[in-house]
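Right, one structure below, let's go through it.
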Amino acid sequence: MASYAQLAYLLSRLQESGARPEKAARVAAFLRGLPPDQICPGLRLLTGELWPPWESTGPGVGIGLLVRTLSSMAGREAVSLWQAQSGEPGNLSGIVRQHLSQSALCPESLSLITVYSELRRLSMQWGPGSLSRKESILKGLFTNCTELEACYLARTAVRSSGWQPDPRLLSAAISRAFSVPEPNVWSAYCWQPDLGRVAQAALSGELSSLSLIPRVPCREMRITFCGQLPAQSGGQIYLARRRGLRVQVHISPGSARIFTSRRWEVSSSLPILADALRGIGRTAVLEGELLGFRGGLLPLSELVRFLNRRHQARRSPAGAGLVVWDLLYLDGSDLTGRPYQDRWDRLAPLLYPTDPGPGQVVMARRMTRAEAEQALASGGHVMVRDGGGLYLPGARGADAIVRGHESDRCCLPAGGDDT
């Protein structure tokens, strides 16, 4: 059974400056040494993401709870010393370990799977008494760990691992660890962006089985920004584009989930829109832009603040609508390998191309080239799609060009794209 000390040591080395190939080699060696059933937990602990973004919001530990827990173990003097020195979570745990009584020391290192299981159990504590239960779980971990382990336990608990996990670097590490082509690893990650699951599939030779499925948001196809319409050619489709937030929507009978480009779910902020999406009554994956309204169209910054509230009252004066421009999946069929014109034609029976409004789900308005030129001349924005283009998760497709629009690069809830 792998020890958590091995992971803590690896994290300490990854924090040091060094070339990417060297870091990838270190991670690959770590992965090769793990039992098969601990590869997914090990990679998730390494990245600091105990759950994929679409499954949970994280461990549910703030710096306040961490300070409270460790203060009760080592006294306020230790915390005051930490506050006077740096205030960094890893340093706090080191100071506390130095102040713990020797009777609390455990001769054996924590196991990796114990840390993973306990931190996930902590994240599932809700309701009355949850604060005390979380504190009890943290105390159990800190009482039985070394100083180095305590450092990274604290950082993982507050989602600050001390290094910036790079999906490309980790894909290279998975490739080296299990002798599979790196492009295959990256492709699987773009379909299902959970490195732990991808590593498990690489070990078992099942990378090709990772594909688009409802409820798991794939990485969006990247859009090229340019200052003018491309040269006219057959098959181009021109769509009106507003200053909205690009989202991916997964719907099925009785369920509607709306994800940002970082794959964080924002459905709880949009109950009326979610109701409208459920009303479509099909199993589908849609892509489009989210628009905010309060009287008129909200600026993107206001829409982001609206979403960051997480929960929205149904009688709120602000609301959101969705303009859909792509259909990636429909009733059991993955459509990403079909031409855009075909996906557009399949989308048409589901929605209507009307003006968007609060709580409405509409199809993007299609224009002629002359109308597109007129829209650009008046300061509008246009999306140009190649009717023969496929949907390529994580790649920059030649079939999607947005003119004069920067909303995809603006601040998003919980961060921007991790490309």
Query raised in the report: Taking segment 195-223 as the region of interest, how many residues are more than 21 Å from the chain's Cα centre (by Cα) and charged (D, E, K, R)?
Result: 1
Query raised in the report: Mind checking which residues of segment 366-416 are at pLDDT below 50 and either hydrophobic (A, V, I, L, M, F, W, C) or crowded, with 16+ Cβ neighbours inside 10 Å (or both)?
Result: His405, Ser407, Asp408, Cys410, Cys411, Leu412, Pro413, Ala414
Query - Among (1) out of contact with any Leu (no Cβ under 6 Å at 6 or more places or on another chain); (2) not assigned by TED's automatic domain parsing to the domain that holds Leu66, the one test that Gln192 misses - result: (1)
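Of Leu65, Leu50, which residue is under 17 Å from Asp194 (Cα atoms), aliphatic (A, V, I, L, M) and either surrounded by 15 or more Cβ atoms within 10 Å (Cβ to Cβ) or in contact with a strand residue (DSSP E or B) (Cβ under 6 Å, 6 or more places away or on another chain) (or both)? Can you show your working first?
Values: Leu65 fails: under 17 Å from Asp194 (Cα atoms).
Exactly one residue qualifies, and that residue is Leu50.
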Requested in this report: Identify, by number, the condition in (1) over 20 Å from Glu220 (Cα atoms); (2) modelled with pLDDT of 95 or more; (3) in a loop (DSSP other than H, G, I, E, B) that Asp345 doesn't meet.
Outcome: (3)
Query raised in the report: What number of residues in segment 270-283 are buried (at least 22 other Cβ atoms within 10 Å of the Cβ) and either touching a His at 6+ places or on another chain (Cβ under 8 Å) or among the charged types (D, E, K, R) (or both)?
Result: 0
Query raised in the report: Of all residues in segment 212-247 being out of contact with any helix residue (DSSP H, G or I) (no Cβ under 9 Å at 6 or more places or on another chain) and modelled with pLDDT of 95 or more, which is nearest to Arg305 (Cα to Cα)?
Result: Val247
**Report entry** Selection within segment 258-287 - within 17 Å of Pro358 (Cα to Cα) and not in a helix (DSSP H, G or I)
**Finding:** Ile258, Val266, Leu270, Gly279, Ile280
Report task. Being closer than 13 Å to Glu287 by Cβ, of a type outside the set (A, V, I, L, M, F, W, C) and under 22 Å from the mean Cα position of the chain (by Cα) is the filter here, so list the residues in segment 224-256 that pass it. Result -> Gly244, Arg246, Gln248, His250
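The values are calculated or read from the model by the stated rules, or taken from the named source; none is laboratory data. Model, not experiment: these values are computed from the prediction. All Cβ positions, glycine included, derive from the backbone under ideal geometry; neighbour counts span all protein chains shown.
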